[in-house]
Amino acid sequence: MGKKVKDFQEGERASSQLLISSLQRGTTNSGAPYLSLVLQDNTKSIEAKLWDVKPELEKQLEVGKVYEFDLEVIKYKNNLQAKVLNVLPVPQSSIDYEEFVFKSPVSKDTLRSNFQEGINLINNQTIAKIVSGALNYYANDVYEYPAAAKIHHNFIGGLATHTSGMIKLAVAIAGIYPSINRDYLLAGVMIHDLGKIEELSSPVVTEYTTKGKLIGHISIMDARLLQIGKELGVEDSEELMVLRHMVLSHHGQYEFGSPVRPETLEAELLNLIDNIDARVNTITKALDEVKEGEFTPKIFALDNRFFYKYKKQD
């Protein structure tokens with residue numbers, strides 16, 4: 001297997017079996033072809049460059065497959081990167097892909113239990129049936145898919161992990177403010193991102209589908225809710241209308257992809273809770289990569305801000 005990516009050090013030469021999770025072709029100013037790769041194991045990913053790539057080698061390399069890489073580890077813009085010195089094929093039948101994919105730290109059984117607890121707390125039976133119908137439609141994929149291709153919770157089970165965190169936040173906030181309708185808030189939390197299962201290609205080596213690019217998970221889920229509402233005979237109910245509004249508005253702003261802005265208390269809270277859980281995951285992931293007393297690299301999704309990892313207090 002070789003060295004794990006998390007253990008790579010600047011200036012060293014490392015030989016490891018790694019999965020190609022991204023591959024882009026480019027040409028230098030002098031016209032020489034090269035490849036920009038993202039390589040990973042189950043501990044971390046690293047960007048890599050393969051310069052002066054030969055056509056016969058380029059044809060052999062595929063996203064989603066594992067190869068033996070000989071790398072030189074360097075630092076570029078405060079991040080470790082790799083220069084590919086050599087690539088060798090590996091029999092794919094011998095590969096244990098568990099060694100090359102990121103997975104949720106929460107077990108699938110626990111995630112299922114968290115969702116069921118959320119449904120059990122919904123008193124309105126029309127709302128509960130709509131949520132159950134949505135979850136049943138996507139079945140096991142709910143607990144397999146990531147929440148995003150790159151930014152936050154981008155690992156197997158990431159969608160359910162993200163949603164589970166939001167369920168806990170929703171229950172806590174609803175317990176503080178009696179004006180909140182907990183049924184709507186919990187339902188919105190559990191269904192708001194399910195359209196990502198159709199927007200994203202697969203739990204492993206995730207890319208955007210054609211449907212995802214052309215329609216997007218918000219519109220996909222709105223259409224799915226209307227279908228489920230018709231199947232349940234509640235397509236004209238206020239409950240379905242309010243839940244559709246929550247899905248359509250959960251990004252909060254037009255420029256962030258919401259066709260409408262939040263116009264119920266619970267829709268506003270859904271947007272805030274979504275941001276809380278996503279940002280905690282994004283910042284935590286970045287802080288895990290740096291030492292105490294250092295700043296993270298700029299985080300593009302958070303206005304290109306740096307974040308400081310303070311020293312632990314005695």
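Just to check your reading of the model, which residue among V87, V63, V73, V101 is closer than 29 Å to H162 by Cβ, β-branched (V, I, T) and either at pLDDT 85 or above or loosely packed, with under 15 Cβ neighbours inside 10 Å (or both)?
V63
Hey, can you tell me all the residues within the range 299-309 that are surrounded by 15 or more Cβ atoms within 10 Å (Cβ to Cβ) and either part of a strand (DSSP E or B) or in contact with a strand residue (DSSP E or B) (Cβ under 8 Å, 6 or more places away or on another chain) (or both)?
I299, F307, K309 - these are the residues of the range 299-309 that are surrounded by 15 or more Cβ atoms within 10 Å (Cβ to Cβ) and either part of a strand (DSSP E or B) or in contact with a strand residue (DSSP E or B) (Cβ under 8 Å, 6 or more places away or on another chain) (or both).
Is it the case, given these coordinates, that K213 is more than 25 Å from L23 (Cβ to Cβ) and surrounded by fewer than 20 Cβ atoms within 10 Å (Cβ to Cβ)?
Details: more than 25 Å from L23 (Cβ to Cβ): no; surrounded by fewer than 20 Cβ atoms within 10 Å (Cβ to Cβ): yes.
For K213, the condition - more than 25 Å from L23 (Cβ to Cβ) and surrounded by fewer than 20 Cβ atoms within 10 Å (Cβ to Cβ) - is not met.
Taking the range 267-305 as the region of interest, how many residues are within 18 Å of H162 (Cβ to Cβ) and among the acidic types (D, E)?
3
Can you tell me which residues in the range 195-210 are surrounded by fewer than 19 Cβ atoms within 10 Å (Cβ to Cβ) and among the polar types (S, T, N, Q)?
Once the filter is applied, which keeps residues that are surrounded by fewer than 19 Cβ atoms within 10 Å (Cβ to Cβ) and among the polar types (S, T, N, Q), the range 195-210 yields S201, S202, T209, T210.
Checking A82 against (1) within 22 Å of S22 (Cα to Cα); (2) loosely packed, with under 15 Cβ neighbours inside 10 Å; (3) at pLDDT 90 or above, only one condition comes out false. Which one?
Every listed condition holds for A82 apart from (2).
Just to check your reading of the model, which residue among H192, H251 is modelled with pLDDT under 95 and either among the aromatic types (F, W, Y) or crowded, with 16+ Cβ neighbours inside 10 Å (or both)? Talk me through it step by step, then tell me what you get.
Numbers: H192 fails: modelled with pLDDT under 95.
Criteria check complete, one pass: H251.
What do you reckon, is I273 buried (at least 19 other Cβ atoms within 10 Å of the Cβ), at pLDDT 95 or above and more than 18 Å from the chain's Cα centre (by Cα)? Full working, then the answer.
Working: buried (at least 19 other Cβ atoms within 10 Å of the Cβ): yes; at pLDDT 95 or above: yes; more than 18 Å from the chain's Cα centre (by Cα): no.
Spelling it out, it is not the case that I273 is buried (at least 19 other Cβ atoms within 10 Å of the Cβ), at pLDDT 95 or above and more than 18 Å from the chain's Cα centre (by Cα).
The values are calculated or read from the model by the stated rules, or taken from the named source; none is laboratory data. The structure displayed is predicted, hence computed values, not measured ones. Positions of Cβ are backbone-derived with ideal geometry, glycine not excepted, and every protein chain shown enters the neighbour counts.
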